[in-house]
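I have placed the structure first, in the form of structure tokens, so that the comments after it can refer back to it.
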Amino acid sequence: QMEQSGGGSVQAGGSLRLSCTISGYTFHAYNMGWFRQAPGKEREFVAAISQTGDRTRYEDSVRGRFTISRDNTKNMLYLEMNDLKRDDTGVYYCNREGYWESVVGGTALFWGQGNQVTVSS
């Protein structure tokens, strides 16, 4: 089971943090990622992190503003979002999978429930 927390509403330029945890599975065995879905649009990749955290990838529009991290001692995945823009508005989902390509490509079998992030001008 994957459980998300965080998100909410913020003005443009503000910051938010999302968290995601796994229960019942070995957290450090999985590559993990974040996707988002804006109203009327398809779900899109945001960021991914490898099992040990030594490898990350970001979607171009969030690079330099968002930071993905994980704490394997606490079974927690994070997405720190700074300098938020209206285009960052959407429902954010964490995912996990053994294969890196599945996490990045959005074909992972396991997803969180989603958290709303709303950025207003």
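The values are calculated or read from the model by the stated rules, or taken from the named source; none is laboratory data. What you are looking at is a predicted structure, and each value in this text was computed from that prediction instead of being measured. Every residue, glycine among them, receives a Cβ derived from its backbone with ideal geometry; neighbour counts consider all protein chains shown. In case anyone asks, the SASA skips ligands and DNA or RNA and just uses the protein heavy atoms, side chains included. Shrake-Rupley method; radii C 1.70, N 1.55, O 1.52, S 1.80 Å.
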By residue number, the members of the range 38-70 that are farther than 22 Å from V91 by Cβ, free of Cβ contacts under 8 Å to residues at least 40 places away in the same chain and open to solvent by less than 40 Å² (accessible area, probe 1.4 Å) are G53
Within the range 103-117, the residues that are over 15 Å from K41 (Cβ atoms) and surrounded by fewer than 19 Cβ atoms within 10 Å (Cβ to Cβ) are G105, T107, L109, F110, W111, Q113
By residue number, the members of the range 59-105 that are touching an Asp or Glu at 6+ places or on another chain (Cβ under 8 Å) and modelled with pLDDT under 95 are V103
Going through the range 82-101 in order, the residues found to be of a type in the set (G, A, S) and touching a residue at least 60 places away in the same chain (Cβ under 8 Å) are G98
Counting only residues in the range 6-37 that are of a type in the set (S, T, N, Q) and touching a helix residue (DSSP H, G or I) at 6+ places or on another chain (Cβ under 8 Å), the one most open to solvent (accessible area, probe 1.4 Å) is identified as T21
Filtering the range 72-96 down to residues that are open to solvent by 30 Å² or more (accessible area, probe 1.4 Å), within 14 Å of the chain's Cα centre (by Cα), within 19 Å of R55 (Cα to Cα) and not aromatic (F, W, Y) yields M76, E80
